[in-house]
Amino acid sequence: MELIYELLEKIPFSFLQYDFMKNALLAVLFLAPLFALLGTMAVNNNMAFFSDALGHSALTGIGIGAVLGLREPLLCMIAFGIFLSIAITKVKCADRLSSDSIISVFSSTAMALGIVILSQQGGFAKYSYYLIGDILTITQKDLYLIIITLIICYIVWILLYNDLLLVSINRSFAVSRGINAVFTENVFVILVAITVMISIKWLGILTINSLLILPAAAARNISRNAKSYHIITMFIAWIACLGGLLFSYEWGTSAGASIVLIAAVIFFITFFISANSAI
Amino acid sequence: MNVHNSCGLCRVEIENLSVKSRKDILLDNVNLEFHCGQLTALIGRNGAGKTTLLKAILGEKKYTGKIHYEKHDGKEMKNIIIGYVPQQLLFDKSMPVSVADFMMATKTKKPVWLGYSKQQKQNLKNRLQEMDCEHILDRKLGDLSGGELQRVLLTMAIEPMPDLLILDEPVSGVDATGLDLFYKKVTYLRNTYHIAVLLVSHDLALIRRYADKVVLLDKTVAEQGDAEDVFQTKAFQQTFGYFAGEEKIWN
């Protein structure tokens, strides 16, 4: 780690003299590919709304943590996130309501429950930083956590990607090919839940979903196969994250929101490229 | 008929097969047999249970009764390989997935986002060539015509070469030329690899031309035999109208 810090100091950017900026820079370097990978599949599966609900449900996780008197509610958030993801996936399969209504019901319930718990005796203000997030609070320990999650995600992406892809193209076709769709779907949503919950403190409940969805949605406009889709998504995520971090340093803005803004600009650029070239 | 070059299967026998849903009887006591090297067509009105029968054979629907797979020496065959081409593949057309990605994903565990070797790509090309559509390998899956998609699905259904190939004929999105080409390819497969083909179809003219045997289904087997014989029966005429067989056949 010391070595990396020293290397970073050689880069001629004034902001890198601060350790917290070094941590933040390293964090986004690893968070970008993590969100890019998961995002490609989340967009394929039309899960934008789902991950939004997941982000909102973090409030309940934090609330449960507070009730239990934990100082660090991360485990509660992850546990509740996983529970909610699997519940939504399961109910969606039952197919009795349209999936956006189902997700909306879960999302509002989880958010309302979280707010009710946290706002007891008017105490919500001390949790409000979760809404926007602060990337400068990242510590070295957090960095390790991000890197481990990224490695796990890559492993899943190597072992399960083809199955995930076939399930996302057509579920019953995948099943007819002997793929365990329930298992693959659950592994994926659990991975998304863990990633979202880990990062929410830095990226913010309100903006985290865009970071997952926008780079992949932008890449989708201009890619034709799985390989280019992955490469382009990852590039866009990197550009948005690094650009957003610089922007937030220069202007003192929220990093999460700045990253999302840049990703949104890239989305509109690729959208116009695709509209004009009919890819 | 003693050429069994690629398949060990000789005969599929369905005995007293019934499928019930919560309220209805979907299939009632179906008795049926079909052979390898033959194209057997299932016809019938909507709701006659054609797709249900396919699903029962594929193991996707619970049924009572028996399905035997027999080798040419009369012994029961286990671990039969069934290839299946669905009626239609509904998917998000804007998805960035190429034909090559789609085919590779079903064939290997190596994730397709890592790309593939020249050798693998050549193999895919050769397989598509057999279906006369090697030029679409790098196209986006969502850009294919209905007929092209159907042939890609057929290419995938014959790897590994099945003992029994089940086809649910596309009802929409495939034009007449595409459908004819599809049947030609199925016939080619039947002749070359001597597999049993079972298909659900709505196009009586094509059945007349390509099917070896026709089964008219209406919850149970109403008629079976050669196309011409079945087309003359009362049950057929009640289902499809008195002139259906003739008008379409003889044009």
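So in the stretch B:92-102, with the set limited to residues that are at the interface with chain A (Cβ under 9 Å from one of its Cβ atoms) and part of a loop (DSSP other than H, G, I, E, B), which one is surrounded by the most Cβ atoms within 10 Å (Cβ to Cβ)?
Here the residue is B:Pro96.
Identify all residues within the stretch B:61-91 that are touching a helix residue (DSSP H, G or I) at 6+ places or on another chain (Cβ under 7 Å), at the interface with another protein chain (Cβ under 7 Å from one of its Cβ atoms) and assigned to a loop (DSSP other than H, G, I, E, B); write none if there are none. Before the answer, list the steps.
Applying the first criterion (touching a helix residue (DSSP H, G or I) at 6+ places or on another chain (Cβ under 7 Å)) to the stretch B:61-91 yields B:61, B:63, B:67, B:82-86, B:89, B:91.
If we keep only those that are at the interface with another protein chain (Cβ under 7 Å from one of its Cβ atoms) too, we end up with B:84, B:86, B:89, B:91.
Across the stretch B:61-91, the qualifying residues are B:Pro86, B:Leu89, B:Phe91.
Residue by residue, here is whether (1) touching a Phe, Trp or Tyr at 6+ places or on another chain (Cβ under 7 Å); (2) closer than 18 Å to A:Gly256 by Cβ; (3) buried (at least 21 other Cβ atoms within 10 Å of the Cβ) holds:
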{"residue": "A:Tyr144", "(1), (2), (3)": "no, no, no"}
{"residue": "A:Arg171", "(1), (2), (3)": "no, no, no"}
{"residue": "A:Glu185", "(1), (2), (3)": "no, no, yes"}
{"residue": "A:Leu212", "(1), (2), (3)": "yes, yes, yes"}
{"residue": "A:Ala217", "(1), (2), (3)": "yes, yes, yes"}
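Which residue is surrounded by the most Cβ atoms within 10 Å (Cβ to Cβ), if the candidates are limited to the stretch A:146-169 and must be aromatic (Phe, Trp, Tyr) and within 9 Å of another protein chain (Cβ to nearest Cβ)?
Checking each candidate, the answer is A:Tyr161.
For a quick check of your reading: which helices (runs of 4 or more DSSP H) sit entirely within the stretch A:110-212 and have at least 1 residues that are more than 25 Å from A:Ala240 (Cα to Cα)?
Passing ranges, in order: A:140-159, A:161-169, A:171-176, A:181-203.
With (1) buried (at least 18 other Cβ atoms within 10 Å of the Cβ); (2) touching a residue at least 24 places away in the same chain (Cβ under 8 Å) as the list, and B:Ala105 as the residue in question, which single condition is left unmet?
So the condition that B:Ala105 fails would be (2).
Restricting to the stretch B:135-160, what's the tally of residues that are in a helix (DSSP H, G or I) and either within 12 Å of chain A (Cβ to nearest Cβ) or surrounded by 14 or more Cβ atoms within 10 Å (Cβ to Cβ) (or both)?
Result for the stretch B:135-160: 16.
What pairs come out if I take residues in the stretch A:108-130 that are in contact (Cβ under 8 Å) with a residue 12 or more places away in the chain and pair them with residues that are in a loop (DSSP other than H, G, I, E, B) and surrounded by 13 or more Cβ atoms within 10 Å (Cβ to Cβ) whose C-beta lies under 8 Å away, six or more apart or interchain?
A:Tyr130/A:Gly204; A:Tyr130/A:Ile205
Could you please tell me which pairs satisfy a Cβ distance under 6 Å, a separation of 6+ or placement on different chains, a first residue in the stretch B:34-45 that is at positive phi, and a second residue that is part of a loop (DSSP other than H, G, I, E, B)?
These pairs meet every condition: B:Gly37/B:His194.
Computed from the coordinates by the stated procedures, all read-outs in this text should not be read as laboratory data. Quick caveat: nothing in here was measured; it's all calculated off a predicted structure. Here the Cβ is made from the backbone with ideal geometry for all residues, glycine too, and neighbour counts use every protein chain on show.
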